[in-house]
Amino acid sequence: MVGARPQFVKVAPVAAAFARAGHQHEIVHTGQHYDARMSDVFFEQLGIPAPMAHLGVGSGAHGAQTGAMLAGLERVFLDDPPDWVVVYGDTNSTLAAALAAVKLHLPVAHVEAGLRSFNRLMPEEHNRILTDHAADLLLAPTAEAVRHLGREGLSDRTVLVGDVMVDVLLRVRDEVRAQPVPLPVTPPAGEHLVATVHRAENTDDPERLARVLDALASLDRPVLLLAHPRLVSRAEAAGLPLNRAGITAVPPVGYPELVQLVLGASGVVTDSGGLQKEAYLLAVPCTTLRHETEWPETLIEGWNVLAGDLVDLRSVVSRPLPPAQRGMPYGAGDAADAVVRAVVAVTA
Ligand code: UD1
């Protein structure tokens, strides 16, 4: 079950691993993300099988959006009950699917279980905690996630599988290195940064959003801002231009394009969870416009620095390069096979 952009990236290797192992695996798309650039392009580029059902739920307030998904997913699950429901990450789609499934006594596996920001103002934090406590099998990406689940009394249902995003990222990194893809945007010449901003805490309050954009424009290198639809709509409503001296704002790009842009950048500035980790794995320094991260492993040696207060962002972003040696806290890129093994082991 998928619905939002980060989930398309995660389902790609898992769908392939289920197919390799000879299991029937069907995708249900809630429609939380519906723009071609936020959805279709990922299915095409990552070779994800077409969804067997598309609920077309779209945007809305949290309750209305999650509720519509819950009703739609219940119908799909009742129609042809699966042996397992696999849910990904921390979006409203994740929570809706977990809840719809457990109410029908369908076992739920949560890929990317155990992440915590400890920030209860984030909708994603509630989605994670509620999904973990509802799910039957908690597939944790990191040792830290396993520890969080243990503290919440969920050890019995937890398996450390590694991070499925590594599987996709390493493959796509090698592909774009061997054969660069045409880019829909020309990155600024010379040293530049790639940025994304979309979280509610950075976009919903016009004052905060103005500070974020001013801080991005003040950096010592030009910024290529890949503008999420939420950012575009909130900036428009607040009367804040995204394109300005220092910032070139462009529509979101596909996955190989993103990887290629990050590889070509001297740094990343973001509030995305996935991009912090992708920058780390691609050895590009990251600055995170938040006060906390679900991926604390990226902070080691300063590969990632939290700068939620935006204070002196310019010098944070232009800090010296960290030492090149990094560990492999997210696994070796074989997590999707481990997901399949864990689901099969519990079923047997
Ligand atoms: C959601 C997830 C977030 C994830 C992010 C990745 C929740 C609570 N949040 O945030 O965890 O990191 O996806 O992108 O589930 N919109 C469009 N076209 C689209 C999708 C969204 O125009 O294809 C606009 C709509 O104006 C909508 C707004 O973006 O109101 C927000 O979309 P929503 O699905 O509520 O959450 P995201 O901010 O995308």
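Bear in mind that the values in this text are calculations on the coordinates, not laboratory data. None of these values were measured; they are calculated from a predicted model. When we count neighbours, we look across all protein chains shown, and the Cβ atoms used for this are built from the backbone with ideal geometry, even at glycine.
What to note about this one:
- Net charge of the neighbourhood of T203, taken over other residues with C-beta under 13 Å away and scored Lys/Arg +1, Asp/Glu -1, is 0.
- Neighbour-count ranking [beta-carbon atoms within 10 angstrom, fewest first] of H291, H33, H148, H105: H105, H291, H148, H33
- Cβ-defined net charge surrounding R341, 13 Å radius [Lys, Arg +1; Asp, Glu -1]: -1
- Footprinting exposure proxy for M165, M52 (fewest neighbouring C-beta atoms within 10 Å first): M52, M165
- 13 Å beta-carbon shell around V185, net charge (K/R +1, D/E -1): 0
- Separation between Cα centres of region 1-74 and region 244-289, rounded to whole Å: 23
- Gyration tensor (alpha-carbon) shape descriptor, region 155-222, a/c threshold 1.5: oblate
- For Q32, the residues whose modelled amide H falls within less than 5 Å of its own, excluding neighbours fewer than 5 places apart on the same chain, are V57, G58.
- The Cα atoms of the chain cover 56, 44, 41 Å along the three principal axes, with the biggest extent listed first.
- Residues E74, E257, ranked from the fewest to the most other C-beta atoms within 10 Å, line up as E74, E257.
- Shape category assigned to region 1-137 from the gyration tensor of Cα positions, a/c cut at 1.5: rounded
- Region 44-121: C-alpha gyration tensor shape, a/c 1.5 cut-off, then a/b vs b/c: rounded
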